[in-house]
Amino acid sequence: RQIGGHTALHQQEGTTFGNATLSITANSADGNGSYLIFGNQRSGSTGGNTIVQSGDEVGTIRFAASDGTDMNSSAAQIRCEIDSTPGSNDMPGRLLFSTTADGSASASERLRIDSSGRILIGDDTAENTMGLNARVQTFGTDASTSGVAIRRGSNDAQAAFLVMSKSRNASVGSRTILQNGDEVGNIFFAADDGTDLVSNTAAIKS
């Protein structure tokens, strides 16, 4: 039967939890684990090896449930796509995380991790702000979707915190002492000047 808008070649169903699950176990005496691998190529025939293109889907994990009529409505999905032009031993990829809003039957992208490791929330296009291409970017059209909240829930006197740090050593975990005048952290307030988000209206620096 069709589930999530697709009729699978292999279908497994059961009436108990154990009969409706799939497990993959690695038993080798080393550090290697189990793999679930999705592949894609463009030859149009089994055994082919034609290169994919930027934007091509590599694989999708789709979560679909019954809405009382059928099981074609997806509640969420995780999708992998090619993120730029690929080549021999060069396969840039991105991950798209999507959820379905209340009142909808299809999932919409909410978060993206692109091939450079940037995390984009609420938008699929990275943007420079103050000339900086931030590692984490969030976008929204109103106050409820364009803010970031940090909350701590604990039965003690400590509050939530945001930490900015700086080291002169480029290796993670290694330490090199800072020098007099080095910046530790910056908070910029940037406004749209009609061309780009480059107008620095104010800044807090340490």
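Distances between placed amide hydrogens fall under 5 Å for A64 paired with A75, all partners being 5 or more residues away or on another chain. Here's the picture: charge each Lys and Arg Cβ at +1 and each Asp and Glu Cβ at -1 in the chain, and of G131, Q179, S165 the one pushed furthest to the positive end of that dipole is Q179. Amide H contacts of A134 (H built 1.01 Å from N, in plane; Pro and chain starts excluded): T129 sit under 5 Å, all sequence-distant by 5 or more or on other chains.
Backbone amide hydrogens, once placed in the peptide plane, bring D56 within less than 5 Å of I82, excluding anything fewer than 5 places away on its chain. Once the Cα-Cα distance is subtracted from the 0.36 nm per residue extended length, the N32 to I204 segment shows a gain of 57.2 nm. Measuring from label point to label point, each 7 Å out along Cα→Cβ, what is the N180 to M71 span in nm? Taking the simple label geometry, N180 and M71 are separated by 7.1 nm. Take the chain with all the other protein chains still there, run a 1.4 Å probe, and you get 75 Å² of accessible area per residue. As a calculated quantity, the FRET efficiency between T21 and S115 at R0 = 45 Å, using C-beta atoms, amounts to about 0.85. Converting phi to 3J(HN,Hα) with the Karplus coefficients 6.51, -1.76 and 1.60 and the offset θ = phi - 60°, region 147-155 yields x, 10, 10, 10, 10, 10, x, 7, 7 Hz in sequence order, with x at every glycine or proline. Taking θ as phi - 60° and the Karplus parameters 6.51, -1.76 and 1.60, the scalar couplings of region 53-66 work out to 10, 4, x, 5, 7, 9, x, 9, 9, 10, 10, 10, 9, 6 Hz in sequence order, x denoting glycine and proline. Each residue, S88 and S167, gets one label point 7 Å from its Cα in the Cβ direction; the gap between the two is 3.8 nm.
Rounded to the nearest 0.05, what FRET efficiency do F189 and N155 have when you use their Cβ-Cβ distance and R0 = 25 Å?
Numbers: r = 35 Å, r/R0 = 1.41.
Computed FRET efficiency for F189 and N155 comes out at 0.10.
Across region 18-80, the relative contact order, built from alpha-carbon pairs under 8 Å that are at least six residues apart, equals 20 percent.
Compute the Kirkwood hydrodynamic radius of region 44-99, taking the inverse of the mean of 1/r over all pairs of distinct Cα atoms, and give it in Å to one decimal. Answer for region 44-99: a Kirkwood hydrodynamic radius of 13.3 Å. Computed from phi, the 3J(HN,Hα) profile of region 43-52 under the Karplus parametrisation 6.51, -1.76, 1.60 (θ = phi - 60°) reads 6, x, 9, 4, x, x, 8, 8, 4, 7 Hz, with x in place of Gly and Pro. Carbon-plus-sulfur accessible fraction, region 1-42 (probe radius 1.4 Å, protein heavy atoms only): 52%.
The values are calculated or read from the model by the stated rules, or taken from the named source; none is laboratory data. Here the structure is a predicted model, which means the values were calculated and not measured. Note that each Cβ is placed from the backbone with ideal geometry, even for glycine, and that neighbours are counted across all protein chains shown. To get the accessible areas, we keep the full protein, side chains included, count just its heavy atoms, and leave off ligands, DNA and RNA. Shrake-Rupley method; radii C 1.70, N 1.55, O 1.52, S 1.80 Å.
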